[in-house]
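What follows is one structure encoded as structure tokens, with my remarks underneath.
Read-outs throughout are calculated quantities, based only on the coordinates presented, and are distinct from any laboratory measurement. If you're wondering where the values come from, they're calculated on a predicted model, not measured in any experiment. Here Cβ is always computed from backbone atoms with ideal geometry, including for glycine, and neighbour counts include all displayed protein chains.
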């Protein structure tokens, strides 16, 4: 079970990994600011870091929208279909 | 079907499958691996051209058309048959193996069919072979799900046949190329293809049935049915504007409903809908780049989706649980399954160096070249959503997260081997996309590994990850199911029927009550007037009789004489 040990080790270092990840993300956005946009087919392609912003907003929107849809309309008990079939 | 330079791969598979029931143990396992290898060998020898022509009811059938497009799908179908067979080696149920191979043979029959009649025959064969992969789960739930699957596809088959007949009347041919008809033939055939491609609202058969299939059967199902439909759409309906919008809608529908799923294979099934949405949108865009994108995305999708289903299946096989709310903390016990699943996860999420990246970005790029701003944004949201639920939420709640107390063994070697092959292919295609692009019908004028594409994709994905980490406590879930369109025929239909029944009974009662009331009033009226004590039934005294006679006589005299 060596692989489990490696995963365990990574989990124990998760705050370090998080910092590395954040640095990496900052570097990506920075690169996007420094490098001129390759295309401006859409207006937002000229905005540096748009993809980062969009990814964050899209993810948040999906989390809240799906939750809302579930609670408001779609969630049922697991045995909902049982009594009929 | 067999000439010196052409052996139909379906024929090889069907013939080879006939032997399976005679074999047992090690011999059967060897045969199960050799058979898909033989099919790959047959494909290796196949030369472009048309084979196996025969006349049927005055129509010319082409049972084998080999060109670049059919070969792309032929290669990946045979590969996934090999992977799926290895994954299923431990299963001691010949019915399932026979069903899986015949199902594969039918899917190959569809992609090599040069005419619509041959296509229809294999199309239907796909349904009746694949349903056994659901039924052999052996539970009442899967039996019912299998029946719903069968009914929906039976309807789809009738729609397809009606479309083909009309197409033959309109054009005088049954050749299967771009469907060039105006009338109902165009729409009927398109509708049948869309049912199999799981385009909402015609998608619920998939997300209803796949999670109830056997652990090994679902791997084949995730690969074959929807992707044969993508093949037929690429061949028959390139550039159909409606498909751009339906495809983009599919990508969002899939990711939204995946967020509501608690069953791990249902979550992944919604991501089939979502990913096939990219391909459908590519077909709708219809440019060379978009069609190459759709074909290559079908190729990569089959491999990474099979890998994801194998990972989820391994968890179900080892723990007997399939719900996120009942899983958690498995990384200590199934670390290899975890890591191999993650390879599928980063592939479907289109991380650079993995297969989804080199195919999905091509479709997105095609949308950008075409100047489709809204479509581009919709596809970008779906990219975030794909990463969110397949690679963050599902693995987090299954292998990490709260410990569920489950202490399973690691999956058996054959499952891990099959997953490793799929993972290796995902990685290989991600690093050397040229290998895949070389198979495509058109030369590919696209490079996924430019700084611009790389930066956009990485920012999108990593900030999606950030949002997930920050908002983890708002991610819904728990032991619930979510309704979908299948409610209409599982509950809505029966409810409508019983409501209609109740309405008829109520109306009937009301009419009867009113009629009876009128009748009663009439009888009581008669009773009052003509009954024993009724006015008209009384015996009258002589005097009044004489008086009335006098009055009548007087009237007669007065009016009669006067007249």
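In terms of other Cβ atoms within 10 Å, B:393, A:2 run from fewest to most in the order A:2, B:393. In terms of surrounding Cβ atoms within a 10 Å radius of their Cβ, B:449, B:331 rank from fewest to most as B:449, B:331.
The distance separating the Cα centre of the stretch B:172-235 from that of the stretch B:10-24 comes to 26 Å. One chain, two ends: residue B:170 and residue B:438. Fully extended at 0.36 nm per residue, the span grows by 92.8 nm beyond their Cα-Cα distance.
Only DSSP H runs of four or more residues enter the estimate; each adds -39500 (n - 2.57), and after division by the residues of the protein assembly as shown the mean residue ellipticity at 222 nm equals -22500 deg cm²/dmol. The C-alpha atoms of chain A define a longest principal axis, and helix A:14-34 lies at about 50 degrees to it. Per-residue extension of 0.36 nm, minus the Cα-Cα distance of residue B:121 and residue B:33, leaves a gain of 29.0 nm for this segment. Taking the C-alpha atoms only, the angle from helix B:542-555 to the longest principal axis of chain B is near 80 degrees.
Using a Förster distance of 45 Å, how high is the FRET efficiency between residue A:64 and residue B:523, based on the Cβ-Cβ distance and rounded to 0.05?
On the way: r = 69 Å, r/R0 = 1.53.
The formula returns an efficiency of 0.05 here.
Of interest is the spacing of the C-alpha centroids, which for the stretch B:254-284 and the stretch A:7-85 amounts to 17 Å.
Compared with the dominant principal axis of the Cα atoms in chain B, helix B:264-285 is inclined by about 90°. When each of B:348, B:117, B:128, B:542 is scored by the number of other beta-carbon atoms lying within 10 Å, the sequence from fewest to most is B:542, B:128, B:117, B:348. Inter-chain neighbour count for B:467-480: the average number of beta-carbon atoms from partner chains within 10 Å of each residue's beta-carbon is 4.
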